[in-house]
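Input: a single structure, listed below in structure tokens.
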Amino acid sequence: MCNLYSLTKGQAAIRELSRAMVDRTGNLPPLPGIFPDTAAPIVREGADGRELALARWGMPSPQFALKGRATDPGVTNIRNTSSPHWRRWLGPTNRCVVPFSSFSEYDTLPDGKKEVVWFALDEGRPLAVFAGIWTTCTSVRKKAEGEVTTDAYGFLTTEPNAVVAPIHPKAMPVILTSPDEIETWLRADWSEAKALQRPLPDDVLTIVARGEKRDGLGEAA
């Protein structure tokens, strides 16, 4: 599962691709290493129109996963959209897209060590988005922080394509690459939007880096 991604493209590029009219993120710096529970940008439909906003990575966990735990760091990747736990957030009101320039999976080397492998649409790390969901929740994400109310997000996964499968054979993020796909994900009925939960074609994804826990290349806006 993807628990590390990078966003090194600027706000103007995000707004252009997603057609967001409102920007609530302030001065957004490059984010070459986004980890779970990090505050990162999402695009969603808001009261004043489509907006770019910040949310924390990790949706509320199902109750069975919280048994015996005092904190809920959240679920970053969502696969089973038929589950009642996730189904409540699959309507347009709770859908979002998550901008990224590259994402990573861990490869297991012959000596048993783990190596980060970074994937992008090409070596230039052009902007794309994950198909995500979001909600406002109240929980204890970190014991030291205590109970907080925050906007949280996660993104969908699907079967891996031929580029990702040799590294991570179980899943890859659901990736949208065009304004039309973004429109469908943010506005269409689930009966239409669910078709986007599919692997990205093999010829539009490539491995761009290995070994680093931050992918700081391609920082042009």
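The rows are residues; the columns are (1) hydroxyl-bearing (Ser, Thr, Tyr); (2) in contact with a strand residue (DSSP E or B) (Cβ under 6 Å, 6 or more places away or on another chain); (3) within 17 Å of residue 94 (Cα to Cα).
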site: 139; (1), (2), (3): yes, no, no
site: 143; (1), (2), (3): no, no, no
site: 170; (1), (2), (3): no, no, no
site: 179; (1), (2), (3): no, no, no
site: 182; (1), (2), (3): no, yes, yes
site: 191; (1), (2), (3): yes, no, yes
site: 201; (1), (2), (3): no, no, no
site: 210; (1), (2), (3): no, yes, no
site: 214; (1), (2), (3): no, yes, no
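Residues considered: 215, 111, 180. Of these, the only one that is among the acidic types (Asp, Glu) and buried (at least 19 other Cβ atoms within 10 Å of the Cβ) is 215. Taking residues in region 166-195 that are closer than 24 Å to residue 105 by Cβ, and partners anywhere that are polar (S, T, N, Q) and in a helix (DSSP H, G or I), the pairs with Cβ atoms closer than 8 Å and at least 6 places apart or on different chains are 182/18. Contact annotation: residue pairs with Cβ atoms under 7 Å, 6 or more positions apart or on different chains, pairing a residue in region 3-17 that is in contact (Cβ under 8 Å) with a residue 12 or more places away in the chain and part of a strand (DSSP E or B) with a partner that is surrounded by 24 or more Cβ atoms within 10 Å (Cβ to Cβ) and among the charged types (D, E, K, R), are 6/215.
Quick one: which of 55, 40, 65, 70 is out of contact with any Asp or Glu (no Cβ under 6 Å at 6 or more places or on another chain), among the small types (Gly, Ala, Ser) and either in a strand (DSSP E or B) or at pLDDT 95 or above (or both)?
Numbers: 55 fails: out of contact with any Asp or Glu (no Cβ under 6 Å at 6 or more places or on another chain); 65 fails: either in a strand (DSSP E or B) or at pLDDT 95 or above (or both); 70 fails: either in a strand (DSSP E or B) or at pLDDT 95 or above (or both).
Sole residue among the options that is out of contact with any Asp or Glu (no Cβ under 6 Å at 6 or more places or on another chain), among the small types (Gly, Ala, Ser) and either in a strand (DSSP E or B) or at pLDDT 95 or above (or both): 40.
Among the residues of region 20-37, the ones that are in contact with a Lys or Arg (Cβ under 6 Å, 6 or more places away or on another chain) and either in contact (Cβ under 8 Å) with a residue 40 or more places away in the chain or over 20 Å from residue 155 (Cβ atoms) (or both) come to 4 in all.
The values are calculated or read from the model by the stated rules, or taken from the named source; none is laboratory data. Note that this is a predicted model, so its numbers are computed, not measured. Every residue, glycine as well, gets a Cβ built from its backbone with ideal geometry; the counts of neighbours run over all protein chains shown.
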